[in-house]
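The structure appears right after this line, and notes come after that.
Any read-out appearing in this document is the output of simple, stated calculations on the displayed coordinates, not a laboratory observation. Values in this document were obtained by computation on a predicted structure and should not be read as measured data. Every residue, glycine as well, gets a Cβ built from its backbone with ideal geometry; the counts of neighbours run over all protein chains shown.
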Amino acid sequence: MDKIRIIGGNTLSGRIRVKGAKNAVLPLMAASLLTEEEVILHDVPNLSDIRTMTKVLEHLGAQVSFEGDTLRIKANNINCFEAPYELVSKMRASFWVLGPLVARFHQARVSLPGGCAIGTRPVDRHLYAMEQLGIKIDIEGGYVLASGKPQGNKIYFQIKTVGGTMNALMASVLANGTTEIINAAAEPEVTDLAKCLVKMGANIDGIGTSHLIINGVEKLHGVSHTVIPDRIEAATYAIAAGITGGQLYIENARLDLIENIAFSLNLMGLNISQKNDCLFVKASSNRLKATDIATEEFPGFPTDVQAQIMALMCLAEGTSTVTENIFENRFMHVQELVRMGADIRLQGSRTAIIKGVDQLSGAQVMASDLRASAALVLAGLAAKGETIVNRIYHLDRGYDHMEEKLRSCGANIERIKEKIDE
């Protein structure tokens with residue numbers, strides 16, 4: 001497995017371009033199953049998760065091709081309705097093919113994804129939505145067996161769910177009658193999916209709100225769609241500027257997508273402003289200040305930036321508090337940051353108390369998940385000496401050539417390719 005090697009202490013300065021949002025691309029790829037015409041997605045990042053979803057679509061019979069950062073998908077010859085365990089187990093987002101398959105073909109056999117490193121993430125809300133639409137659901141041998149044509153109905157989510165909202169939305173666009181999704185997730189990636197579906201001919205009202213109304217149509221057509229910028233990637237590089245005391249222009253980034261994150265970073269001493277299609281991020285000349293954050297559904301602070309901002313808090317003056325309200329096991333990066341000299345104390349399973357230190361020290365650390373990987377890279381940028389981040393295959397799931405982008409702005413960072421013994 002590859003590693004990332006960092007010699008910390010360099011101040012970052014320059015320009016970094018973020019790509020389209022991974023968490024928007026994956027459901028858009030699933031949505032391509034809703035039409036036999038070609039779906040063209042622009043500004044798609046080169047990530048392992050995208051490649052996994054490509055394998056899922058190809059397994060189903062779709063034709064998928066890449067041309068630079070443009071992805072072309074044509075699902076006019078679907079000859080299989082099963083998403084197998086070996087693919088779904090690699091990436092939970094593979095489960096999103098359930099809604100499109102039952103919408104267009106009225107059948108699906110999709111493996112249950114199981115748990116993951118950041119806690120249990122059940123699909124019961126996805127299945128509830130399917131049943132509300134009249135889909136017969138059976139669980140057999142670790143697979144969800146779904147059958148029937150969706151019928152419009154009310155779907156009320158007691159707890160907001162991004163994946164559940166997306167699956168329900170895709171299942172309902174070809175349903176008979178009208179569907180209401182109440183207490184729907186309103187993340188930008190959900191909004192992007194809805195807007196693309198409308199471009200494909202879907203009839204959806206309430207886009208961007210927690211109350212979606214979908215009038216089913218008979219057929220969808222192809223589309224050419226540019227994916228929204230990755231707000232999590234943009235926030236990660238903003239924190240990179242802050243943790244190194246530098247300044248960065250983050251191209252293809254929008255302040256309106258990270259307002260909740262920018263507010264907390266401003267409190268800590270980062271200046272963030274929109275300049276045309278760039279975010280300009282500059283660290284204060286003074287030491288960073290502590291702050292408190294609690295993760296929440298959009299428009300609250302996103303759980304996917306919790307680990308990265310914690311790395312920044314490790315060097316802030318005073319004591320910060322992080323409360324994780326989305327996942328029950330998302331502090332696996334804490335012990336690795338402590339190995340680098342951070343002063344972090346866990347209070348139960350949901351709260352971390354971070355007392356800022358003057359300096360972090362390089363160390364061998366192990367990444368446990370995607371965002372933890374990014375947090376450890378950020379800590380390494382600021383640490384004294386050498387940091388080796390192991391198991392960076394997690395990083396490659398969500399960041400397109402991160403080490404190259406950081407190196408172009410002055411970081412002393414490299415990928416170490418592991419030799420495999422023959």
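Remarks
- Here S264, S65, S284, S320 are placed in order of increasing Cβ neighbour count within 10 Å, fewest first, which gives S65, S284, S264, S320.
- Dipole in debye (nearest 20) - the stretch 148-221, about Cα centre, beta carbon charges: Lys, Arg +1; Asp, Glu -1: 160 debye
- Taking other C-beta atoms within 10 angstrom as a stand-in for reagent exposure, V88, V338 fall in the order V338, V88, fewest first.
- Dimensionless Rg ratio for the stretch 22-226, taking C-alpha atoms and the 2.2 N^0.38 Å reference: 0.91
- Qualifying lysines (Cα of each under 18 Å from Cα of K282; at least 8 residues distant if same chain): K405
- Cα-Cα over 25 Å, subset of K90/K417; K22/K154; K22/K90; K199/K275: K22/K154; K199/K275
- Sequence-distant contacts, meaning Cα pairs under 8 Å at least 6 residues apart, place the relative contact order of the stretch 22-226 at 20 percent.
- For the chain, the normalised intensity computed at q = 0.10 Å⁻¹ comes to -0.68 (log10 of I(q)/I(0), Debye sum over alpha carbons, equal scatterers, no solvent).
- Cα centroid separation, the stretch 202-235 to the stretch 141-159 (Å): 20 Å
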